[in-house]
Structures are given as structure tokens and as C-alpha cells.
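*Asks:* Next up is a structure, given as C-alpha cells.
The values are calculated or read from the model by the stated rules, or taken from the named source; none is laboratory data. These figures come from a predicted structure and were not determined experimentally. Cβ atoms come from the backbone with ideal geometry, glycine included; neighbour counts cover every protein chain shown. These area figures cover heavy atoms from the full protein model, side chains too; ligands, DNA and RNA do not enter into them. Shrake-Rupley method; radii C 1.70, N 1.55, O 1.52, S 1.80 Å.
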Amino acid sequence: MIRFENVTYRYGDGEGGISNVNLRVEKGELLAVIGPSGSGKSTLLKLLAGFMEPQSGSIWIDGKDVSGVAARHRDLGIVFQSYALFPHMTVLENVAYPLRLRGVDQAERFERASKALGEVGLSSATDRLPATLSGGQQQRVALARALVYQPKALLLDEPLSALDASLRTEMRDLITHVQRTAQIATIHVTHDQEEALSMADRIAVVHRGEILQVASPKDLYDKPFNATVAAFVGKANLWIGDVMSSTCVRTEFADIACDASDWGIGDRVNVMVRPEAIMPLTDDQNPEQAPNCFNGTLVQDRFLGAVRRYDLSVAGCVITGETGYRGSLSRISIPSDSVRLLPLQDD
């Protein structure tokens, strides 16, 4: 188990770092940490790994306060973006190296290293050198090495960013399987939101050194805490609106029927609608039978394979939608239950 308690670390120029972070990762849980560049993601990882010490607060690993404990004594498995394999060692020797540092005899460390390589599907590569492996295979070796000595927690620092798209998908599934099997608390720092959404039990969104929201992937996407989270996680249409009644909000381009019962009349809010929730209307559909039906002008149409992403200008406001529909687009419907009202933010 990993725990941050009121942890603060600010860099000397006052820019960057984290402030008063409280975070908990349970045994067997994979927590993904996402946020824009400079938000504090890497700072969190460096503090946990012991490469830096908090200026205030404490970090706990497996029930022990590790303040002042050197990185090499924290018993953490770390997988970096660069594989950091020893080029002169065989695959088996690379994976066994952490056990060698811990004084495990050769026979046992090679046996455990062989087992770890089997878990990542590389039993046949034990005698090969890293340079003869593909990027995906090298990343598997790095994962096996991080787990071979049964660390107390696993840290993943952008481990898949150097791989091509097809390999990333394969490695996501492998990491998730190995991590679940080992039942090890894991923090995964990534810029890839799809990676975070598909792998994590929970996701933490970091912004300007603070954690804005920690939630399951589904709740984070469907129920963002505010417009900053909504805009960062996935794609979102965001408009400023005024609550007109418990069932209506007025935006810059039209009144939208939705559930506004949690807000007071006259409240200013952010109105969020995800692009895939917007429904194109065909020529033979009766707009009077569809909620929040609007006519517009198609200003951008992007073919993305399985879906098309389009921009429709409605009363001077551009609405972005995503659909598998291939026909002409000039009318849309926004289902009332897909509209989410969020607190209005100054920024």
C-alpha cells in the first residue's frame, strides 16, 4: 500500500512541484496519474521513489514512513520510458541483476529470473542480448526485472510511450495481467489518456501541483469534478450557461433541456456534452420527436476510420460530435441525459 499525507514539494523558482497532496493506493490497485506537462506527475513519482524528499508531509509504503529512507532501500520496482537494460548482459542476467544486488545465490536468482521471464512471455529469450530484441520485448524484460524480487510497489514512468500503437495495446494488457497476478500496488504516470482509462482501477488528475479528482475511469469520464477535468480527460463540448429552471439551461446558442434540479435558478454553470453523445438526425427523422434538436452548417469533417469527428456551426457556436454515421450532416440532437452541469470556474 502507498500513501501520501499532505505532501508538498515546490521547486526553487516557485514554479512546478506539488502542494498538499493526499493520495492512497491499495494493494493490488493500479492508479494512473495524468495531467498536462509541468502539472506535478513526475514530481510525485520522484518523491515516492526517493529521488527527492518532501518539504512537508510524509510518504508511507507498506505501512512504513519512508521519509529519509534512501531510494535503494525502498523496495520499489520501477519501469522507465527508457528500458535501461545492460547491453553486455543477457536477458536472464538483466532480470536476475536486482537479486544479485540483494545477495541471492546464482542458482536461485536465475531460477526466479526464468520464472519472471515466463510470466511476460519471454522464456525463449533468456540467452539473447538486449540489442537483438524488439522494443516491446525489451519493455517486457524491464517489467520482469522490476517484479523479480517481489517489490512492495511498482512505479511505471511512461513505460509505453516509445512503442508503436499496436505494441502499446499488447503491452497494456500484459502489464495489467502481470500486475493483477502479483497483487502489487502500482502507480502509472502517463500522458496517454486511453492508456490510463483502459488500464487503471482509478485515475488521479493532477493540475498545477494539485490533485483535482481521483475516480474510476468511468466516473472520471462521465462525472468530471469541474470543467478543467472535463476538458483534459477525453474531448468535451463546454459552454457557459445560465440555469433557467430545473429542466432548462440557456447557452450562447440555444436553450437546452436537461436535469438542472441540483442548481438554483440564475446560477451560472459550465455545460458539458461529450462529442459521442450527440446524435446526427437523418432527413427522414422528425426533429420534433428528438430532444434538443438543432440545425447547423458543417464546417469541419474528419474521417478517423471507425468514427468521424465533425464540427457543426449552430447559431455561431461550433459543436463537435463523433459518430459512425456516414450520411450528410446538418441536424443534430443532444439527449437531455447526456448534458452535465459543472461549477463555473474563473479560468
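*Asks:* If the convex hull of the alpha-carbon atoms of the range 185-228 is projected onto planes in all directions, what is the mean projected area in square nanometres? Could the numbers behind the result be given before it?
*Replies:* Values: hull surface 13.0 nm².
Over all viewing directions, the range 185-228 projects a mean Cα-hull area of 3.3 nm².
*Asks:* Grab the DSSP H runs of the chain that are 4 residues or longer, score each as -39,500 (n - 2.57), total them, divide by all residues and round the 222 nm result to the nearest 500 deg cm²/dmol. Let's see the in-between values first.
*Replies:* On the way: 8 runs with 84 residues, N = 347.
The helix contribution divided over the chain gives -7000 deg cm²/dmol.
*Asks:* Okay, moving on. Please give the helix 106-119 orientation as an angle from the longest Cα principal axis of the chain, in degrees from 0 to 90, rounded to the nearest 10.
*Replies:* Helix 106-119 and the main axis of the chain meet at about 20 degrees.
*Asks:* How big is the chain by Rg and Dmax over its Cα atoms, in Å?
*Replies:* 24.4, 77
*Asks:* Under 1.5 on a/c is rounded, so check that first for the range 1-74, then, if it is not, pick prolate when a/b is larger than b/c and oblate when it is not; a ≥ b ≥ c are the square roots of the alpha carbon gyration tensor eigenvalues. Write down the numbers at each step before the final one.
*Replies:* Numbers: a/c = 1.81, a/b = 1.27, b/c = 1.42.
It comes out oblate by the Cα gyration axes.
*Asks:* For the range 17-104, which chymotrypsin sites (Phe, Trp or Tyr not before Pro) are in a loop by DSSP, counting at most 16 other Cβ atoms within 10 Å?
*Replies:* Working: sites: PHE51, TRP60, PHE80, TYR83; in loops: PHE51, PHE80, TYR83.
Here the sparse-neighbourhood loop sites are PHE51, PHE80.
*Asks:* Here is a follow-up. Return one number: the angle in degrees, 0 to 90 and rounded to the nearest 10, between the long axis of the Cα atoms of helix 165-182 and the longest principal axis of the Cα atoms of the chain.
*Replies:* 60
*Asks:* Express in Å², to the nearest 10, the accessible area of ASP62 obtained by rolling a 1.4 Å probe over the protein heavy atoms while all chains stay in place.
*Replies:* Estimated to the nearest 10 Å², ASP62 gives 100 Å².
*Asks:* Skip the ligands, DNA and RNA, and give the accessible area per residue of the range 57-144 with a 1.4 Å probe, whole Å².
*Replies:* Here the per-residue accessible area is 51 Å².
*Asks:* I've got another one for you. Using a 1.4 Å probe over the heavy atoms of the protein chains, calculate the carbon and sulfur portion of the accessible area of the range 1-100 as a whole percent. Don't skip to the end; give the middle numbers.
*Replies:* Details: 2210 of 4490 Å².
Summing carbon and sulfur atoms, their accessible area is 49 percent of the total for the range 1-100.
*Asks:* Treating cross-link reach as a plain straight distance, find the lysines whose alpha-carbon is under 19 Å from the alpha-carbon of LYS235, omitting any fewer than eight places away in the same chain.
*Replies:* LYS218, LYS223
*Asks:* Then there is this: Once the Cα atoms of helix 135-147 and of the chain are each reduced to a long axis, what angle between those two axes, in degrees from 0 to 90 to the nearest 10, is obtained?
*Replies:* 70
*Asks:* For LYS115, give me every one of the lysines with a C-alpha distance below 25 angstrom, ignoring sequence neighbours fewer than eight places off in its own chain.
*Replies:* Within the straight-line limit of under 25 Å, LYS115 reaches these lysines: LYS27, LYS152.
*Asks:* Here's another thing I want to ask about it. Let's see if you can work this out: charge +1 on each Lys and Arg Cβ, -1 on each Asp and Glu Cβ, no other charges. What is the dipole magnitude of the range 226-347 about its Cα centre, in debye to the nearest 20? Intermediate results must be reported in sequence, preceding the final value.
*Replies:* Details: 10 positive and 16 negative charges, 85 e Å.
Once rounded to the nearest 20, the dipole reads 420 debye.
*Asks:* Can you check what the Kirkwood hydrodynamic radius comes to for the range 245-307, Cα pairs only, in Å to one decimal? Please report the intermediate quantities before stating the final value.
*Replies:* Details: mean 1/r = 0.0699 Å⁻¹.
Over the range 245-307, the inverse of the mean reciprocal pair distance is 14.3 Å.
*Asks:* Using only the Cα atoms of the range 44-136, what do you get for the radius of gyration and for Dmax, in Å?
*Replies:* Calculated on Cα positions, Rg and Dmax stand at 16.0, 48 Å.
*Asks:* What translational diffusion coefficient, in µm²/s and rounded to a whole number, does the Stokes-Einstein relation yield for the range 222-347 at 4 °C and a viscosity of 1.567 mPa s, taking the hydrodynamic radius as the Kirkwood radius over Cα pairs?
*Replies:* Answer, rounded: 87 µm²/s.
*Asks:* If you roll a 1.4 Å probe over the heavy atoms of the protein chains, what accessible area per residue do you get for the range 228-284, in Å²? Mind showing how you got there, number by number?
*Replies:* Working: 2610 Å² over 57 residues.
On a per-residue basis, 46 Å².
*Asks:* Computed over the Cα atoms of the range 163-217, what is the ratio Rg over Rh, Rh following Kirkwood? Intermediate results must be reported in sequence, preceding the final value.
*Replies:* Working: Rg = 12.2 Å, Rh = 12.3 Å.
My calculation puts Rg/Rh at 0.99.
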